[in-house]
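These notes concern the structure reproduced below.
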Amino acid sequence: MGEMLTIILIAFGAAAMGFFIGRSLLQKLNGKALEEQQAKAEQIIKSAQLEAENIKKDKILEAKEAYYKIKSSFEEEANRKKEILISNENKLKQRESKLSQLQEGINRQQAELESEKENLQAQLEIVAKKRQELVNKVDAKVKALEKVAQLSADEAREQLIETLKDEAESKASALVKDIIDEAKLSGAKEAKKIVIQSIQRTATEHAIENCVSIFNIEGDEIKGKIIGREGRNIRALEAATGVEIIVDDTPEAIIISGFDPVRREIARLSLHRLVQDGRIHPARIEEIVSKTTKNMEEEIAEIGERTVIDLGIHGLHPELIKLVGRMRFRSSYGQNLLQHSREVANLCATMASELGLNAKKAKRAGLLHDIGKVWYDEPELPHAPLGMELAKKYKESPDVCNAIGAHHDEIEMTSMIAPLVQACDAISGARPGARREIIESYIKRLKDLENLALDFEGVNKCYAIQAGRELRVMVDAESVTDSKASQLSFDISQKIEKEMQYPGQIKVTVIREMRSVNFAK
């Protein structure tokens, strides 16, 4: 135990001695290092001071050089501006001298003008005196002439104006007549040639369709089957097709009535199939009508395709082809619409070829010009603008669209083929026998034509002849001269063009008859 304590004490003592020895050594080492760092710091400070002195000297030199450069450039600029100022002063002095010379010249000219003004005033006074003398002389002569002629100057002037007016009207009427005759000889001759050639080269079949169709049957037994018990078959057929079935005392015939020709055709074909099948009852009727409607749609598409193939028209939209097919079952004033459109297409192509225009576009526009009449819906638009909208919808060219929309003058014509389509449409519709008119509207049109001519002064009687194609006008021979008769026919024709609507053209003939009657006693 005592040894252990001794060892511990010795160890503590050794540790304490080692601590003190190490601390003293460390203090010596730190002192030496501190001295070395201080020496280095002093050396760095000295070198930085030397470098700063050098930099300061360099910057001072650079600043002096820049100062001298700026000073020299400023002196040069000041000298240059001084020279400019001297030059401007010299110019101003020269201008002042010129202005003074001009002022002297202006003063001199002003004095001359004043002198000339005085001379002119004197001359004007002399002229005024002479003019007054002349006026007095003229007045004296006019009074002398009025006394001799027993007419005042105003009356003589009015008579002269009236004479000159009548002479001018007569010459103007003769000139208009000569111009019209010359235009007819040159322009109308060629136009008639083109139209006649086009009509002669186009042959079509002509048919008039009504709003009824006749279905022929073999006997009254079949008629009874079609009627059915208490008329149920007739009612089922009318409900399925949308037409009216008229069964009367007409032997071996049933009348199918309706404004839609496609529905009438569907009803006729359905009746034909039902009679052939023999089974006629409401369920069978609905089945047959459904099949017939589908077949009719296929037939319409086939008719349209066959039409465009016959006419050589390519790239037409399928919906437009269907509308062309529907034209077969539509009529306009009794004229079949498809036949009319084919006729217009051929006429347009012929005229376009004669005139050097695009015949394919003209034929295309002629075929499609009435597609607005066969659209499925019934919009408020007229058929020409509606057809133009349909053509635009199905990507037709702008020229074709404009020709379709403008063929009744409802929009402005912007293409060369538009007037062709309008002319060919009028030719096809105005052809004798092509269309029929309701008798009331026909008579009204003739009366309106006669009343229009009766409104003119000097007209005694009017007669519309040749189905309204010619107007005979009887005039009073005493109030209407030969030259005025020519002018009257022109005025009447112009008024007809502005106020009336008619197919083709109307010939206006003014008849002036002078009869002198005496009796020998």
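The values are calculated or read from the model by the stated rules, or taken from the named source; none is laboratory data. Keep in mind that this is a model prediction, so the values were computed, not measured. No Cβ is skipped: glycine too gets one built from the backbone with ideal geometry, and neighbour counts run over all protein chains shown. The protein model used for the area step is the full one, side chains on, heavy atoms only, and it has no ligands, DNA or RNA in it. Shrake-Rupley method; radii C 1.70, N 1.55, O 1.52, S 1.80 Å.
Selection of first residues in segment 451-470 that are on the phi > 0 side of the Ramachandran plot and of second residues that are assigned to a helix (DSSP H, G or I) and open to solvent by 80 Å² or more (accessible area, probe 1.4 Å), restricted to Cβ pairs under 9 Å at least 6 apart or on distinct chains, gives the following pairs, ordered by first then second residue: Gly458/Lys484.
Exactly one residue among Glu36, Glu65 is out of contact with any Phe, Trp or Tyr (no Cβ under 9 Å at 6 or more places or on another chain) and modelled with pLDDT under 85, and that residue is Glu36.
Helices (runs of 4 or more DSSP H) fully within segment 230-320 that include at least 2 residues being within 44 Å of the chain's Cα centre (by Cα): 261-277, 282-311. From the list Ile411, Ile417, the lone residue that is of a type in the set (A, V, I, L, M), farther than 30 Å from Arg263 by Cβ and touching a Pro at 6+ places or on another chain (Cβ under 8 Å) is Ile411.
Checking Val459, Val480, Val473 one by one, the residue that is modelled with pLDDT under 85 and either crowded, with 18+ Cβ neighbours inside 10 Å or of a type in the set (Phe, Trp, Tyr) (or both) is Val480 and no other.
Residues in segment 326-342: is at least one open to solvent by 50 Å² or more (accessible area, probe 1.4 Å) and without any contact (Cβ under 8 Å) to a residue 24 or more places away in the chain? Taking every residue of segment 326-342 in turn, none turns out to be open to solvent by 50 Å² or more (accessible area, probe 1.4 Å) and without any contact (Cβ under 8 Å) to a residue 24 or more places away in the chain.
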